[in-house]
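The values are calculated or read from the model by the stated rules, or taken from the named source; none is laboratory data. On a predicted model such as this, the values are computed, not experimentally measured, just so you know. As a convention, Cβ positions derive from the backbone with ideal geometry for all residues, glycine included, and neighbour counts pool all protein chains shown. Heavy atoms of the whole protein, side chains included, go into the accessibility calculation; ligands, DNA and RNA do not. Shrake-Rupley method; radii C 1.70, N 1.55, O 1.52, S 1.80 Å.
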Amino acid sequence: MAKSEESTTRNKKRPPSHASASELKESAGLESRDATGEEMEPPTDFSDTARSKSDTARRKPVLITLDGRRVSERFVITGRQTILGRDTSVDVHVSDGEVSRQHCVVEWTNFEERDATDPICRIEDLGSTNGTFLNGSPVKEAVSLRDGDQIRVGRTVLGFFLKDERVLELDQLLLSMALNDSLTGLYKREFFFGELQREFDRSRRHGRTLSLAVVDLDYFKAVNDRYGHLKGDEALRQVADAIRATLREGDLCARFGGEEFAIIFPETDGEGAYGAGERFRRAVESKVFRLGPDLELRITVSVGIATLGEHHRDKMQLLEEADHALYLAKAAGRNRTILAPGRNKLDENTGKAFGR
């Protein structure tokens, strides 16, 4: 089976690219001398796949999304056979309409050989509708995989890599720090913008629907002012958990600002996104938020939704429309979901026909 692991950027000081060899050695802590006092040369290969002969740590095969629904998502292969496909029951679920339910399989042929440090893997198409491609060529029979190969299934491109187990753990931690908000665990604003652009372009290119929600906690400043920012942070974390629990596979939720969240609904029309907005609005409304031994609060959210139309020139216009719908929800009394006015021939001035 493969586990989806999402990890992050390294917050580590590096020497400048123009540094001398001695400066590089000093910055890496590699300056050393032999018994005669002569300076010893450091190893020249610092790649994450380089290991000394005495280092017997086992490498693992990893699939990393290079282009697709969720760039940088990684799947560590931990079994002899790993099936990729659109079906949620397979080992590696690829949220891509052009991927078959069981699209292809990666086989780790020497999986049972525990003394082998280098996995030997091959890929085979499972009779998929649109085919499997390895480095641009169609896979017509089982083909061996090499470190750095690129696999395309549907519109999704995955890289195949061999990673040392220790390096892999660090990689996953660093990637998580880069992509995810440390408080809520949701995606960061920067990653959200990249995914919104990707989905906007795909929807335009293939004529598919796309909706976007902006969510804001109601009267949240009063929570911070009365109970302090630590309690406010705990409230934000619990609200994020409540929203995340209602989302479907393929929806992408990010922390957009202080107490504001944004959600991308691929291939979803306005009514579908409105229904999703109502689900997480009600989930928050019905929850008792326990922020301490003697502190329980009720919290509500307001939701603004926009759906991609021909009049949208770019992703920012779509986002602005969702933000305007959020403003209308606040103005109409808060704790409600409003779809941007002018959609589906409803109230073009206030959008109140979509309110709670």
>> For the structure I just gave you, tell me whether R208 is over 18 Å from the mean Cα position of the chain (by Cα), open to solvent by 60 Å² or more (accessible area, probe 1.4 Å) and within 19 Å of H311 (Cα to Cα).
In response: yes
>> With the requirement that a residue be of a type outside the set (G, A, S) and either out of contact with any strand residue (DSSP E or B) (no Cβ under 6 Å at 6 or more places or on another chain) or outside any strand (DSSP E or B) (or both), what does segment 123-149 give you?
In response: L126, T129, N130, N135, P138, V139, K140, E141, L145, R146, D147, D149
>> So L179 passes all but one of these: (1) surrounded by fewer than 19 Cβ atoms within 10 Å (Cβ to Cβ); (2) under 30 Å from R59 (Cβ atoms). Which condition number does it fail?
In response: (1)
>> Just checking: which of the strands (runs of 3 or more DSSP E) contained wholly in segment 262-343 hold 2 or more residues that are open to solvent by 10 Å² or more (accessible area, probe 1.4 Å)?
In response: 288-292, 295-298
>> Considering only residues that are at positive phi and surrounded by fewer than 16 Cβ atoms within 10 Å (Cβ to Cβ), which ones fall in segment 118-143?
In response: G127, N135, G136
>> For segment 223-241, give me the residue count where each residue is free of Cβ contacts under 8 Å to residues at least 40 places away in the same chain, surrounded by fewer than 19 Cβ atoms within 10 Å (Cβ to Cβ) and not charged (D, E, K, R).
In response: 4
>> Can you tell me which of (1) farther than 30 Å from R101 by Cβ; (2) in a helix (DSSP H, G or I) is the one R198 doesn't meet?
In response: (1)
>> Cβ-Cβ under 8 Å, sequence separation 6+ or interchain: first residue in segment 80-102 and of a type in the set (S, T, Y) and open to solvent by less than 40 Å² (accessible area, probe 1.4 Å), partner at pLDDT below 90 and not in a loop (DSSP other than H, G, I, E, B). Which pairs?
In response: T82/A2; T82/F75
> Listed residues V71, V99, V90; which is in a loop (DSSP other than H, G, I, E, B) and at pLDDT below 90?
Replying inline: V71
> Of the residues that make up segment 304-317, is at least one over 15 Å from I338 (Cα atoms) and among the acidic types (D, E)?
Replying inline: yes
>> Going residue by residue through segment 203-214, is there one that turns out to be aliphatic (A, V, I, L, M) and over 18 Å from G270 (Cβ atoms)?
In response: no
> Are any residues in segment 256-291 hydrophobic (A, V, I, L, M, F, W, C) and closer than 28 Å to D201 by Cα, and if so, which ones?
Replying inline: F256, F261, A262, I263, I264, F265, A273, A276, F280
> When the residues of segment 144-157 are filtered to those that are surrounded by fewer than 17 Cβ atoms within 10 Å (Cβ to Cβ) and not hydroxyl-bearing (S, T, Y), which remaining residue is farthest from the chain's Cα centre (by Cα)?
Replying inline: R146
> open to solvent by 40 Å² or more (accessible area, probe 1.4 Å) and closer than 21 Å to H93 by Cα: does that describe R244?
Replying inline: yes
